[in-house]
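Notes for the one structure printed next.
The values are calculated or read from the model by the stated rules, or taken from the named source; none is laboratory data. Model, not experiment: these values are computed from the prediction. Cβ: placed from backbone, ideal geometry, glycine included. Neighbour counts: every protein chain shown.
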Ligand SMILES: Cc1ncc(COP(=O)(O)O)c(C=O)c1O
């Protein structure tokens, strides 16, 4: 068998009878997903084991490591979430101090909680009047190391959900000078590093561990992701052990097979697919040059705002200077034009593109935006609004760590009356899943008002047990 897919195909066509899991027995005739069932297996002879890979899976992971230029790569079947938990657990011992970019995904905070880590926050620059996270800089990392010399490493997200990339090479040099470990959450950047048209991947820029969601920006099944080990600074056996803790003991061979096929496709066709995507994006930017009110964040715009690098495959359509919100724009695009966006925020919409997009999709989006734009009005009066930094508690208003807050007794109170109380829960907009309120931090009046405004706009608030956000758990 030359690959996982070949093996599964041969098995589906062959006459080996399955007296083993899964219970569907590869025998679901007439079912709509019949082919998938026929190839869905558990660990059987010749098919290797994700937790102790020696054969087909090892071979597929090695192909991935060669493609990205990693020392070793590990397939993830529980998304980047499993990779982030593993990376933090393997890299840092319990109760270590780490620098954490404040705009990280909730999975990083959960990793912090599990290992009882103490966080020193790295606050990204805010751009576009405080509504978009910018890059984090080497200077900021250096300053935090000087202030907290016991720090054992840095965890940051690059690119972030919006395609904003941070200077990983510069940051990694600083982290390594201090003997630390750099973990980069590249969940939104599995497609980076394959063409000059897009930024480079952190894998080749000095990060020690890099986590990518293959399912987000490359052609691979939902839940599939990859963890790259890029240096000798983290023990690979610890990684393998923690993967055994955070991942299912029954990994899907269909998932692993799509990861292998994704790697093979990128390897084989990268020189055609990425330039083609770039061409579609450039054409889209030309087609939308006539927009009067809506604004599309392009590389030039990003550069002018001090962003280190911007991944143009993320189309950020700003409604900031218009009379509608990002959510209203996304709703119109869906209901009238049948175009579904990746994310809608207060002041922008994110359209995610990939090498599997069709030219027709870009054309439809451009036409829809031009039409909507004609009916919009200019609105510059946003001065009274809060930026994202109102959620950024400073050291003095963080009386305890996330894990300390987790242990303390809590009470449930009305969210509107939680001012000056210490939160016992996370609260975030999903997407992007960046915690706005973190356990162990004081809740302010501005935060309460801003959450109320998000609710009014119909944005999805998650994290707290009462998902109506009428109540919140606070420390007693
Ligand atoms: C920055 C970031 N990291 C990690 C994740 C988790 O990825 P996954 O859904 O693959 O577990 C997400 C999910 O949206 C994310 O936005």
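Considering only residues that are assigned to a loop (DSSP other than H, G, I, E, B), crowded, with 16+ Cβ neighbours inside 10 Å and under 23 Å from the mean Cα position of the chain (by Cα), which ones fall in segment 239-288?
247, 251, 252
For segment 299-337, what are the residues that are under 13 Å from residue 128 (Cα atoms), touching a residue at least 12 places away in the same chain (Cβ under 8 Å) and surrounded by 16 or more Cβ atoms within 10 Å (Cβ to Cβ)?
Scanning segment 299-337 gives 302, 305, 307, 316, 317, 318, 319, 320, 321.
For segment 194-205, enumerate the residues that are within 16 Å of residue 71 (Cα to Cα) and either in contact (Cβ under 8 Å) with a residue 40 or more places away in the chain or within 16 Å of the ligand (Cβ to nearest atom) (or both).
Hits for segment 194-205 are 201, 202, 203, 204.
Name the pairs: first residue in segment 76-88 and modelled with pLDDT under 95, second residue within 8 Å of the ligand (Cβ to nearest atom), Cβ to Cβ under 9 Å, at least 6 apart or on different chains?
none
Within the set of pairs 6+ apart or on separate chains, which have a first residue in segment 392-414 that is assigned by TED's automatic domain parsing to the domain that holds residue 97, a second that is surrounded by 15 or more Cβ atoms within 10 Å (Cβ to Cβ) and at pLDDT 95 or above, and C-beta atoms under 9 Å apart?
Nothing qualifies.
I'd like the full set of residues that are within 12 Å of the ligand (Cβ to nearest atom) and either at positive phi or over 24 Å from the mean Cα position of the chain (by Cα) (or both), limited to segment 47-93.
79
Go through the residues of segment 217-225 one by one and say whether even a single one is in contact with a strand residue (DSSP E or B) (Cβ under 6 Å, 6 or more places away or on another chain), closer than 12 Å to residue 184 by Cα and within 11 Å of the ligand (Cβ to nearest atom).
No, the conditions are met nowhere in segment 217-225.
For segment 133-156, which positions are in contact with a helix residue (DSSP H, G or I) (Cβ under 8 Å, 6 or more places away or on another chain) and within 16 Å of the ligand (Cβ to nearest atom)?
133, 136, 154, 155, 156
Please work out which one of (1) over 20 Å from residue 236 (Cβ atoms); (2) in the same structural domain as residue 229 (by TED's automatic domain parsing); (3) assigned to a helix (DSSP H, G or I) is the condition residue 95 fails and give its number.
(3)
Looking only at segment 157-180, which residues are closer than 19 Å to residue 239 by Cβ and surrounded by 24 or more Cβ atoms within 10 Å (Cβ to Cβ)?
172, 175
State all residues of segment 46-88 that are over 26 Å from residue 193 (Cβ atoms) and crowded, with 18+ Cβ neighbours inside 10 Å; if no residue qualifies, say none.
Of everything in segment 46-88, those that are over 26 Å from residue 193 (Cβ atoms) and crowded, with 18+ Cβ neighbours inside 10 Å turn out to be 47, 48.
Six or more apart or on different chains, Cβ atoms under 7 Å: show the pairs whose first residue is in segment 150-172 and within 17 Å of residue 109 (Cβ to Cβ) and whose second is assigned to a helix (DSSP H, G or I) and within 11 Å of the ligand (Cβ to nearest atom).
155/108
Only one of 350, 369 is crowded, with 21+ Cβ neighbours inside 10 Å and more than 24 Å from the chain's Cα centre (by Cα); which?
Going through 350, 369 in turn, the sole match is 369.
Consider segment 102-112. How many of its residues are more than 10 Å from the ligand (Cβ to nearest atom) and crowded, with 18+ Cβ neighbours inside 10 Å?
Here the count works out to 4.
Would you pick out the residues in segment 439-465 that are away from the ligand (no atom under 16 Å from the Cβ), part of a loop (DSSP other than H, G, I, E, B) and in contact with a helix residue (DSSP H, G or I) (Cβ under 9 Å, 6 or more places away or on another chain)?
439, 440, 441, 443, 444, 457, 458, 464
Which one is farthest from residue 374 (Cα to Cα) among residues in segment 299-315 that are assigned to a loop (DSSP other than H, G, I, E, B) and within 21 Å of the chain's Cα centre (by Cα)?
So the residue we want is 308.
Residue-wise test of (1) in the same structural domain as residue 102 (by TED's automatic domain parsing); (2) touching a strand residue (DSSP E or B) at 6+ places or on another chain (Cβ under 6 Å); (3) touching a residue at least 40 places away in the same chain (Cβ under 8 Å); (4) more than 22 Å from residue 107 (Cα to Cα).
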| residue | (1), (2), (3), (4) |
| --- | --- |
| 417 | no, no, no, yes |
| 424 | no, yes, yes, no |
| 443 | no, yes, no, no |
| 452 | no, no, no, yes |
| 463 | no, yes, yes, no |
| 466 | no, no, yes, no |
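Quickly run through segment 201-216 and pick out the residues that are surrounded by fewer than 24 Cβ atoms within 10 Å (Cβ to Cβ) and either touching a strand residue (DSSP E or B) at 6+ places or on another chain (Cβ under 6 Å) or closer than 18 Å to residue 264 by Cα (or both).
215, 216
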